[in-house]
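One structure is given here, and the rest of the page talks about it.
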Amino acid sequence: MATSLEEALTPLVSAAAQNAGLKVIEAKAAKGFNDTPTAQFTLALAGDESKKEHLELSSAFDFARPDLQAELKTYFAESTKRLRNPKPDSYVTLTGIPLTFENWRWPFHRSTSGADTYIVHGECRLEDGKDSPLHAKVSGSMTVTFAEIVLAPEQPFSEGFIYNAVRKTMDQGQLELVKSGNRQPVPVTTRYYSHKQKKFVFNDTDEQQRQDYIAAKLYWLSGVLGDMQPVWTLDPRDAQYLNTTVEDLRKTVESLAGEGILQLSKDTEYATATAALMDHHAEYESELADALAFLKPSFNEDMRGGHTNM
């Protein structure tokens, strides 16, 4: 009898998850784009099954490839730490927009429009604590040339840089949050990768910008959305997004703790918002309103009135 994809992958995923402090609580067959067979796993913290995330792998994925093992180990280890967040799928942009990433369908698939690209679909939703209907359906793309940089077009190797590309695109005002609408493009090109440094580069930030970012992250994810629970402040995805290192992020966090902006947990990797930070409610709401206004399309009034050079 043939072994199904999820049956074949479950022992491998379970072993990797267990080593990182996770457990597989569900494995099922699924279908990706064009009905490509995939296996979907629900992972949870070993000591708290309410903290869950989803992993989707395709039939083309070779879990045992030696060159993938280090990255897979890192993915599961980071997932364990991220799952301790009140909202593990929520992030903040540099412009101050809290987002939740959801409904992503992995892996990348070849474009059906004739373009020489790989595509992955998903959504991001405004997470402002007010049940906002605003969201963006996203079509993330990477060229065939860029795909050669990525170890595999699967979730563990692509999720981080795709989420950062979405945040970067939103920072640039090129991704609109709407109540309904079509998929919006998020291209991932070589401009987001330094061949010399062999790493992704999304934003060049200084120390003040990183302090502002971490403060906003704690305000939204711990204070507004997390009921003042601890949030992981040393997420490597944030370090990549801010073009810095985890160690430099640690220094930023310690500086903010010294100013009373956040309260470090005992392990110093997590922190909670303080009353002093939450007192800046009006400022963060204003920043969010400005950021959302920046995303709305604007029109040239002269062209609207018919005064053009055409």
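The values are calculated or read from the model by the stated rules, or taken from the named source; none is laboratory data. Since the model is a prediction, treat every value here as computed from it, not as a measurement. FYI the Cβ positions are ideal-geometry reconstructions off the backbone, even for glycines, and counts take in every protein chain you see.
When we screen Asp238, Asp302, Asp267 for residues that are at pLDDT below 95 and not in a loop (DSSP other than H, G, I, E, B), the only hit is Asp302.
Highlighted here are the strands (runs of 3 or more DSSP E) found entirely within the stretch 24-139 that include at least 2 residues which are within 30 Å of Lys296 (Cβ to Cβ): 90-92, 98-110, 117-126.
Being in a loop (DSSP other than H, G, I, E, B) and in contact with a helix residue (DSSP H, G or I) (Cβ under 8 Å, 6 or more places away or on another chain) is the filter here; which residues of the stretch 172-188 pass it?
Hits for the stretch 172-188 are Gly173, Leu175, Glu176, Leu177.
Here Pro230 passes the criteria (1) modelled with pLDDT under 95; (2) surrounded by 14 or more Cβ atoms within 10 Å (Cβ to Cβ) except the one numbered (1). Test Glu26 against the criterion of being within 16 Å of the chain's Cα centre (by Cα) and farther than 30 Å from Glu283 by Cβ, and give yes or no. Taking the combined requirement at face value, the residue does not satisfy it.
For beta carbons closer than 7 Å, sequence separation of 6+ or different chains, a first residue in the stretch 162-187 that is within 17 Å of Glu127 (Cα to Cα) and a second that is surrounded by fewer than 16 Cβ atoms within 10 Å (Cβ to Cβ), the qualifying pairs are Glu176/Lys296; Glu176/Pro297; Lys179/Pro133.
Across the stretch 118-138, the qualifying residues are those that are over 27 Å from Leu225 (Cα atoms) and without any contact (Cβ under 8 Å) to a residue 60 or more places away in the chain, and the one among them that is surrounded by the fewest Cβ atoms within 10 Å (Cβ to Cβ) is Tyr118.
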